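The values are calculated or read from the model by the stated rules, or taken from the named source; none is laboratory data. Please read all numbers here as calculations on a predicted model, not as lab measurements. Quick reminder, even Gly has a Cβ in these numbers, built from the backbone with ideal geometry, and neighbours come from all protein chains shown. These area figures cover heavy atoms from the full protein model, side chains too; ligands, DNA and RNA do not enter into them. Shrake-Rupley method; radii C 1.70, N 1.55, O 1.52, S 1.80 Å.
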Amino acid sequence: MARKFFVGGNFKMNGTVSSIKEIVDNLNKAQLDPNVEVVIAPPALYLVFVREHVKKEIGVAAQNVFDKPNGAFTGEISVHQLKDSGIDWVILGHSERRTILAESDEVVASKTKYAVENGINVIWCCGESLEQREAGKTLEVIAAQLAALRSRVSDWSRIVIAYEPIWAIGTGKVATTEQAQEVHASIRAWLAKEVSQKVADETRILYGGSVSEKNCKDLSKEKDIDGFLVGGASLKPAFVDIINSRA
Ligand code: 13P
């Protein structure tokens, strides 16, 4: 089964009603490659607005979800509330939440398990810091993050993996095509060995970290790069060029 190319837009904590409306209008008007799955992730406050206004072919993702049913969890949003609002994706394990909000591998795995078991698709992020890369620990760090996920999750059909080296996020310092391909291939090999060949063949592995309209074409040609998770550039008209990088 061919893996459908996937481009996600992570707005992070950016945007206003008017700027998000502009992004949505721009996407609605654009000619988007029909062979690409597009999912955008606005801040929680704007999820319903975006779902109601963006064309139905574009998916909408939350940037976080809790791992318990509804209840006394101040500040959190449940999987059931996302589904009730027509939101069927969530980003989990982003390095900004792992580092700034101290989410451990185990917390991320638990949220991912709860989401996929209750019908929400997950863009699950992993990646190493500059220090870890320079110490030659990249593959080891990612294998540990994957192992924590595997210990809780058995259904991988709702998971898209995003490899986001922390040193490339928001820095303008994109991984080279060789650096990205090497890690993507090793993630796929890990899946084949530790989960199954079928999961390795079918799981999309995205690259994230300073993706732009300038570097996306070369990255998209790599055999194990099945799309992108885009931060800053997803707020700009150039996001359309990234979606259409293979057209
Ligand atoms: P930038 O594209 O702004 O580097 O962010 C990448 C990212 O963190 C997407 O989740």
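Based on this model, can you work out whether V183 counts as more than 10 Å from the ligand (Cβ to nearest atom) and in contact with a strand residue (DSSP E or B) (Cβ under 6 Å, 6 or more places away or on another chain)? Reasoning before the result, please.
Numbers: more than 10 Å from the ligand (Cβ to nearest atom): yes; in contact with a strand residue (DSSP E or B) (Cβ under 6 Å, 6 or more places away or on another chain): yes.
For V183, the condition - more than 10 Å from the ligand (Cβ to nearest atom) and in contact with a strand residue (DSSP E or B) (Cβ under 6 Å, 6 or more places away or on another chain) - is met.
If L146 passes every condition in (1) within 16 Å of the ligand (Cβ to nearest atom); (2) touching a Phe, Trp or Tyr at 6+ places or on another chain (Cβ under 9 Å) but one, which one does it miss?
(1)
Within the group A200, A189, A247, which residue is among the small types (G, A, S), away from the ligand (no atom under 16 Å from the Cβ), surrounded by fewer than 18 Cβ atoms within 10 Å (Cβ to Cβ) and not in a loop (DSSP other than H, G, I, E, B)? Break it down into steps so the answer makes sense when it comes.
Numbers: A200 fails: surrounded by fewer than 18 Cβ atoms within 10 Å (Cβ to Cβ); A247 fails: not in a loop (DSSP other than H, G, I, E, B).
Only one candidate passes the filter, namely A189.
Would you be able to say whether some residue in the range 32-43 is touching a Lys or Arg at 6+ places or on another chain (Cβ under 7 Å) and within 25 Å of E96 (Cα to Cα)?
Yes - at least one qualifying residue is present in the range 32-43.
One residue is enough: does the range 100-107 have a residue meeting the conditions closer than 14 Å to G208 by Cα and within 13 Å of the ligand (Cβ to nearest atom)?
No, that holds for no residue.
Kindly indicate the residue of the range 223-244 that is open to solvent by less than 10 Å² (accessible area, probe 1.4 Å) and assigned to a helix (DSSP H, G or I) and also farthest from the ligand (Cβ to nearest atom) among those meeting that condition.
That would be I243.
Of all residues in the range 124-141, which are under 20 Å from S210 (Cα atoms) and among the charged types (D, E, K, R)?
Those that are under 20 Å from S210 (Cα atoms) and among the charged types (D, E, K, R): E128, E131, R133, E134.
The conditions are (1) within 14 Å of the ligand (Cβ to nearest atom); (2) touching a Gly at 6+ places or on another chain (Cβ under 9 Å), and S220 fails exactly one of them. Which is it?
Result: S220 passes all but (1).
Scan the range 114-125 and report the pairs whose first residue is under 13 Å from S78 (Cα atoms) and open to solvent by less than 10 Å² (accessible area, probe 1.4 Å) and whose second residue is modelled with pLDDT of 95 or more and assigned to a helix (DSSP H, G or I), with Cβ atoms within less than 7 Å and a gap of 6+ or a chain change.
A115/V79; I120/V79; I120/L82; I120/K83
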